[in-house]
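Worksheet for the structure shown next.
The values are calculated or read from the model by the stated rules, or taken from the named source; none is laboratory data. Note that this is a predicted model, so its numbers are computed, not measured. Cβ atoms come from the backbone with ideal geometry, glycine included; neighbour counts cover every protein chain shown.
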Amino acid sequence: MKKNLIILLTLITCVSLVSGASNKKQSTTDRWSEQKANAWYASQPWPSGCNFQPSTAINQIEMWQNESFDAATIDKELGWAEGLGFTTMRVFLSSLVWKAEPVVFKKNIEKFLTISASHKIRPMFVFFDDCWKPESTIGKQDAPKPGVHNSGWVRDPSVSLRADTASLFPILEKYVKDIMGTFKNDKRILLWDLYNEPGNNGHGIASLPLLRNVFKWAREVNPVQPISSGIWYFGCQELNIFQIQNSDVITYHNYSNPKEHEMEINLLKTHNRPMICTEYMARRNDSKFQNIMPLLKNNNVGAINWGFVSGKTNTIFAWDEPKPNEKEPVLWFHDIYRQDKTPFDQAEVDVIRKMNGKN
């Protein structure tokens, strides 16, 4: 109960700060109005899906670079997603792959969109990420570490590049504008998620300049799709304020139990904008399909859990509980299916299909 109160007070503080900042000058010139955002959301089927990484790829680089782009597995696994009634997938891009092979990268995005559309799925793409390994390289990626959650996932951009923003930001601007500019009118894309968990891994407020700039670059492209960056951590109020004040659609992450999750939903509703939970479902934390997915649907909040098919990312293991001697834990942390399509829990599959209106 004490933990719940602390979380609630922190959330209230955050929302109060955002409200107090609303009269200050913000870079929201071209932000969608509440009316436009809500009309857009009302025209969509309920957004439900997963954070998607094909089981054969350990990270964003292995997914997208030409030597390891696996269209056959993507097609197979998105077919399973269609069978569950999912309508979207959240998918991470890679500035490193773009820098190495921009034309091929865009062709692979086109292939991915074609496959997605064949399964009635409209993905949201993520540009930057502050999570997991600090450095990355193009080419063959390391093998997964047994029993270790996301042992090969990489931050984007690499930490070693971040000190020299005068050199880095022009490159990242070209990257964002090239990718977004190419697909800015493509209605197969649901949304642009500009920055995953800014401030994570100790970056804190140092992530704010890139966060500000990626919103600026995106507004200059002016895509037909909405843009957002999901709030996830309430220890850095400036990041939260900027994300909420500049996102067309409010997105957020929550891996907690239903009671705490509902508190956040009720507080974020005060912004009168559509909401999508772009990360949830950690069974150990009592964040499950059976208790969270109905909560989200009843509140008309989009539902995108972490993980789909267990594979190289090893996200069936918990963030902080490596188990190198186990093929799989008794209780999976994330993910739904094994690679032969047997589910971790058939009851979960039944709930997902029911929530998505699949008989």
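Quick grid of which residues meet (1) buried (at least 17 other Cβ atoms within 10 Å of the Cβ); (2) within 25 Å of Asp30 (Cα to Cα):
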site	(1), (2)
Trp192	yes, yes
Trp232	yes, yes
Gly235	no, no
Tyr252	yes, yes
Ser256	yes, no
Glu262	yes, no
Asn266	no, no
Exercise. Assuming Trp319 fulfils every condition listed in (1) of a type outside the set (Val, Ile, Thr); (2) under 22 Å from Thr73 (Cα atoms); (3) within 18 Å of the chain's Cα centre (by Cα) apart from one, which condition is it?
Worked result: (2)
Seminar exercise, completed: Note on the stretch 24-43: residues assigned to a loop (DSSP other than H, G, I, E, B) and at pLDDT 95 or above are Arg31, Trp32, Ser33, Ser43
For this session: Could you tell me whether the stretch 307-323 includes any residue that is in a loop (DSSP other than H, G, I, E, B), at pLDDT 95 or above, touching a His at 6+ places or on another chain (Cβ under 9 Å) and among the aliphatic types (A, V, I, L, M)?
Result: yes
Exercise. Within the bounds of the stretch 149-156, is there any residue that is free of Cβ contacts under 8 Å to residues at least 60 places away in the same chain and either in contact with an Asp or Glu (Cβ under 8 Å, 6 or more places away or on another chain) or surrounded by 17 or more Cβ atoms within 10 Å (Cβ to Cβ) (or both)?
Worked result: yes
Seminar exercise, completed: Result of the Cβ filter at 6 Å on the stretch 181-205, keeping first residues that are over 14 Å from Phe127 (Cα atoms) and partners that are of a type in the set (Ser, Thr, Tyr) and not in a helix (DSSP H, G or I), at least 6 apart or interchain, is Leu190/Thr88
Exercise. Looking at this structure, is Leu331 part of a loop (DSSP other than H, G, I, E, B) and either surrounded by 15 or more Cβ atoms within 10 Å (Cβ to Cβ) or touching a helix residue (DSSP H, G or I) at 6+ places or on another chain (Cβ under 9 Å) (or both)?
Worked result: yes
